[in-house]
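All of the numbers you see were taken from the coordinates with simple rules; none came from a lab. These numbers come from a predicted model, not from an experiment. Using ideal geometry, Cβ is built from the backbone for each residue, glycine included, and neighbour counts are taken over all protein chains shown.
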Amino acid sequence: MNTVLSQECEKFNNLISVMTLDMDNFVAAIRGQILMNDEMEKMELKIQQNLIPHKWTEEHGIGYLSLKPLSFWLSDLGKRVLFFKKWELNGIPSCLWLSGFFFPQAFLTGLKQN
C-alpha cells in the first residue's frame with residue numbers, strides 16, 4: 001500500500017508542479033517580464049472558458065481523467081490531495097475513494113497482493 005500511496009503522491013505532486021510553473025510563467029507574461037507564447041495564449045483561453053488547460057489533462061499525460069469544468073476540477077483536485085495527505089498522516093483509511101486515484105487499477109492490484 002505504501003508503494004501505491006507514493007506513486008499517487010508523485011503523480012499529484014507532478015501535476016501541481018506543472019500547474020504552478022505554468023501559472024507563474026503566465027503571470028510573468030502578463031506583467032511583461034517574459035514574452036507570452038502560443039501555449040500561454042491557449043491556456044488563457046481555456047481558463048476564460050472554464051476549461052482545463054490541455055497541458056494539465058490526462059491527454060497530455062500529467063492530469064487525471066475528468067469531464068468537469070475547470071472550477072469544479074480545481075475543487076476536486078484539492079479534495080484528492082487532502083485525501084492522500086490524510087492517508088499519509090493517519091494510515092490507510094477505513095473507507096477509500098477509489099475514483100480519487102490516478103490509477104485505481106494499481107491500488108486494486110496492491111490490495112489483492114496484500
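Return a whole-number percent for the relative contact order of the chain, with Cα pairs under 8 Å and 6 or more residues apart as the contact set. Intermediate values should be presented prior to the final figure.
On the way: 61 pairs, mean separation 36.7, N = 114.
Answer for the chain is 32 percent.
Mind sorting CYS95, CYS9 by how few other Cβ atoms lie within 10 Å of their own Cβ, fewest first?
With the fewest neighbours first, CYS95, CYS9 line up as CYS95, CYS9.
Label points 7 Å out from Cα along the Cβ direction at PHE72 and PHE103: separation in nm?
Rounded to a tenth, the inter-label distance reads 2.8 nm.
Rounded to the nearest 0.05, what FRET efficiency do GLN7 and GLU41 have when you use their Cβ-Cβ distance and R0 = 35 Å?
Efficiency, from the Cβ-Cβ distance: 0.55.
Neighbour counts of other C-beta atoms within 10 Å: give me ARG80, ARG31 arranged from fewest to most.
Lowest count first: ARG31, ARG80.
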